[in-house]
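Each value in this text was obtained by applying a stated rule to the coordinates, not by laboratory testing. Computed from a prediction, not measured in an experiment: that's the story for all the values here. Here the Cβ positions follow ideal geometry from the backbone for every residue, glycine too, while neighbour counts run over all protein chains shown.
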Amino acid sequence: MSPQPLDSVKGFAVTFRQLFKKPITQQYPEYKRPVYPRFRGRHRLHLHDNGLEKCVGCSLCAAACPADCIRVVAEENTPENRVSPGERYARIYEINMSRCIFCGYCELACPFDAITLGNEYEISEYSRDDLIYTKDMLLAEPIKKIPVADRDLYDTPIPYYKEHS
Amino acid sequence: MREPWWISLIKAGVIVNLIMLAFAYTTWLERKLLGRLQNRYGPNRAGPYGLLQPFADLVKLVRKESFFPVAARHPLYIAAPIISMFTALAAFAVIPFGAGWQIWRYHVDGEIANVSIALILIFALGSIGVYGAIIGGWASQSKFSLLGSMRTCAQLVSYEVSLALSVLGVVLMGQSLNLVDIVNKQGATIWFFIPQLAGLMVFFFAMIAETSRPPFDLPEADTELVAGYHTEYGGMRWGLFQTAEYINLITLSALAVTLFFAGWHGPYAPLGPLWFLLKVFVFISVFIWIRASVPRLRYDQLMRFGWKILLPVATINAVITALLVVWVS
């Protein structure tokens, strides 16, 4: 097609029209965009209802981890010190978040659903040492809350975006 | 009545600082307006509406480590941004922004220096400013900088020809090279953009190329060529090149307003400098609008446009204007 001089003038009209529209930028730290319900973020370790840890220190998660970022040191439960319902519990459970690729294999490997990946994604720190999460940190409620999109809208067999496009 | 020398000195100090301030807020306006034209917000974190952004940038640039390449030719490497900056600032000295005022018993002119060949002075300073780019690229001792500076000066020199020729018509109609006389003539007769529309168009395009702004920003071409002559510069030395570029933009916008839109004259109210500021603001906004709307030219397109379209149009315009001026008088 030969150059159309008028088309470049049309381009100016297009850019000028944008002046009167509201910018589509999402102002991030103030507005946190809701993540999908199955978003894989920061890990959580879970407790049973009676307060015992679900983790039994089997190290299957560490074996499944492709980034090799989980370290589990197990110890026998004793009647005086019962931490988990099984035979053993995880004395040390560390995840090196600077190596984690958030693939979720640990979650799949876990026979007791003790570890899951949460929705939190704001996990930057000022030093690498701070990125090694200990068992206490993983057991605790995350400090920063992330809004999660409506589960009914997205967590359907057919993804919402496929149904409506 | 001539104004005493110390008034000129005070005025020069004030104007230089005002120009620097205008530069700072031109960058702010550019980023803000460009953002809105592209459905973004632009800077909005430093101060209300991001108004402190220019100062944050300044602090950042000044505090940056002032490294230079080991192989760089030291005095010239330092001198290059200073040359660019100096010529950019000096050129504004002859732009008239007001009719002149009577303050107490002194007469204050509406420009820093009333030079009889002001127009030639501006173009001369612009030509010296090219040396900043040439020397900067060469003294960096990097082949990419050298190529960039060659690209830059080829463009600037080509478009300077059209730029100078395009104002010949105005000079012929104003019968003067003095910018004050030209403005007064426009105030008395007609704004020169009407009879000199072709001249204005050529001036406008050549001006975009001279200030190396998109779509003629081959000297920088941030996205594909990663800057040209100032690749090896960082911190405030780079900042000086950037400042010079923006001040050139302001100066040439002011020159366009002076030559074609009657400077401080305006309809309805004799607002003086306010009219002048308003017109310059409109010019700069249009430049930003152009930046948001058109892609960069290829290098051969740039050269073809400069030599095969702008130059003939400017020449024919000058010849016809000359004939008409002779015929009318």
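Between the stretch B:25-102 and the stretch B:221-267, the C-alpha centres lie 9 angstrom from each other.
Shielding of peptide B:290-298 by partners, expressed as the average count of other chain Cβ atoms within 10 Å per residue Cβ, is 3. Per-residue 3J(HN,Hα) values for the stretch B:294-310, derived from phi via the Karplus relation 6.51 cos²θ - 1.76 cosθ + 1.60 with θ = phi - 60°, read 10, x, 5, 6, 6, 5, 5, 5, 4, 5, 4, 4, x, 8, 9, 10, 5 Hz in sequence order (x marks Gly and Pro). For the stretch A:32-141, a Kirkwood radius taken over Cα pairs fed into Stokes-Einstein (4 °C, viscosity 1.567 mPa s) yields D = 90 µm²/s.
Remark: the stretch A:46-100 projects, on average over all directions, an area of 3.9 nm² (convex hull of Cα atoms). Placing +1 on the Cβ of every Lys and Arg and -1 on the Cβ of every Asp and Glu, with nothing else charged, gives the protein assembly as shown a dipole about its Cα centre of roughly 1120 debye.
Legend: mean number of C-beta atoms from other chains within 10 angstrom of residue C-beta atoms, peptide B:38-44, equals 4. Protection proxy ranking of B:55-68, A:42-55, by the mean of other Cβ atoms within 10 Å over each peptide's residues and highest first, is A:42-55, B:55-68. Taken about its Cα centre, chain B carries a charge dipole of roughly 540 debye when the Cβ of each Lys and Arg holds +1 and the Cβ of each Asp and Glu holds -1. For the peptides B:230-243, B:186-199, the ranking by mean Cβ contacts within 10 Å, running from highest to lowest, is B:230-243, B:186-199. With Cα atoms as the point set, chain B shows a radius of gyration and Dmax of 20.1, 63 Å. Counting neighbouring Cβ atoms within 10 Å and putting the fewest first, the residues B:S176, A:S98, B:S84, B:S145 line up as A:S98, B:S176, B:S145, B:S84.
Put simply, the amide H of B:W264, placed in the peptide plane, has no neighbours under 5 Å, leaving out anything fewer than 5 places away on its chain. Note: relative contact order over the stretch B:155-211, using C-alpha pairs below 8 Å and six or more positions apart, is 54 percent. Taking Cα centre as origin and charging only the Cβ of basic (Lys, Arg, +1) and acidic (Asp, Glu, -1) residues, the dipole magnitude of chain A rounds to 900 debye.
Take the residue pairs A:K32/B:K60; A:K145/B:K60; A:K21/B:K32 and return only those whose Cα atoms are more than 22 Å apart. Beyond 22 Å: A:K32/B:K60; A:K145/B:K60.
So what is the 222 nm mean residue ellipticity for chain A from helices alone, if each DSSP H run of at least 4 adds -39500 (n - 2.57) and you divide by all residues, rounding to the nearest 500 deg cm²/dmol? My calculation for chain A gives -5000 deg cm²/dmol from helical runs alone. Once Rg and the Kirkwood radius are both taken over the C-alpha atoms of the stretch B:10-164, their ratio Rg/Rh works out to 1.04. Counting Cβ atoms of other protein chains within 10 Å of each residue's Cβ and taking the mean over peptide A:11-19 gives 5. Overall shape of the protein assembly as shown was characterised from the C-alpha gyration tensor. The equivalent ellipsoid obtained from it has semi-axes of 64, 25, 23 Å, in decreasing order.
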